[in-house]
Amino acid sequence: QLQLVESGGGLVQPGGSLRLSCAASGFTLDDFAIGWFRQAPGKEREGVSCINSSGGSANYVDSVKGRFTTSRDNTKNTVYLQMNSLKPEDTAVYYCAARPYYCHSGTRLWEYWGQGTQVTVSS
């Protein structure tokens, strides 16, 4: 069974930090790109970041550039999203997703999805 499980979400004050983890089971991540997506109430799901299977490149949506960093540790079969300088508008359910090798902006082209973890940024 192929699964992705997110963890690390929670409540944080503006300006704070969180690190999200995406752990895979049933397959190894070394042949997969891993994307992070988020969905706030009443809004479309949007891509936040993506790291390719080699870890050699990563993409970020403009709103998080300079604040979020994604990385991977294939020995632990885990991908991380380090979120710094968090803003209230970052509040959303965050999902990780996997697809073979390469990042893609279209959510429908991602094969495997985690169940999500809630991130709330509030004073």
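Before moving on, here are some points about what is shown:
- Within the stretch 55-67, tally of residues that are assigned to a helix (DSSP H, G or I), open to solvent by 40 Å² or more (accessible area, probe 1.4 Å) and not hydroxyl-bearing (Ser, Thr, Tyr): 1
- Evaluating Gly56 against the criteria (1) farther than 22 Å from Arg108 by Cβ; (2) under 10 Å from the mean Cα position of the chain (by Cα) leaves one unmet condition, (2).
Quick grid of which residues meet (1) among the small types (Gly, Ala, Ser); (2) part of a loop (DSSP other than H, G, I, E, B):
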| position | (1), (2) |
| --- | --- |
| Asp30 | no, no |
| Pro41 | no, yes |
| Ser49 | yes, no |
| Ser53 | yes, yes |
| Thr69 | no, no |
| Val79 | no, no |
| Cys96 | no, no |
| Arg99 | no, no |
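- Flag for Thr107 being of a type outside the set (A, V, I, L, M, F, W, C), without any contact (Cβ under 8 Å) to a residue 40 or more places away in the chain, open to solvent by 40 Å² or more (accessible area, probe 1.4 Å) and in contact with a Phe, Trp or Tyr (Cβ under 9 Å, 6 or more places away or on another chain): no
- Residue within the stretch 69-92 that is without any contact (Cβ under 8 Å) to a residue 40 or more places away in the chain, closer than 21 Å to Ala23 by Cα and crowded, with 16+ Cβ neighbours inside 10 Å present: yes
The values are calculated or read from the model by the stated rules, or taken from the named source; none is laboratory data. On a predicted model such as this, the values are computed, not experimentally measured, just so you know. Quick reminder, even Gly has a Cβ in these numbers, built from the backbone with ideal geometry, and neighbours come from all protein chains shown. Remember, those area values only see protein heavy atoms, side chains included, never the ligands or the DNA or RNA. Shrake-Rupley method; radii C 1.70, N 1.55, O 1.52, S 1.80 Å.
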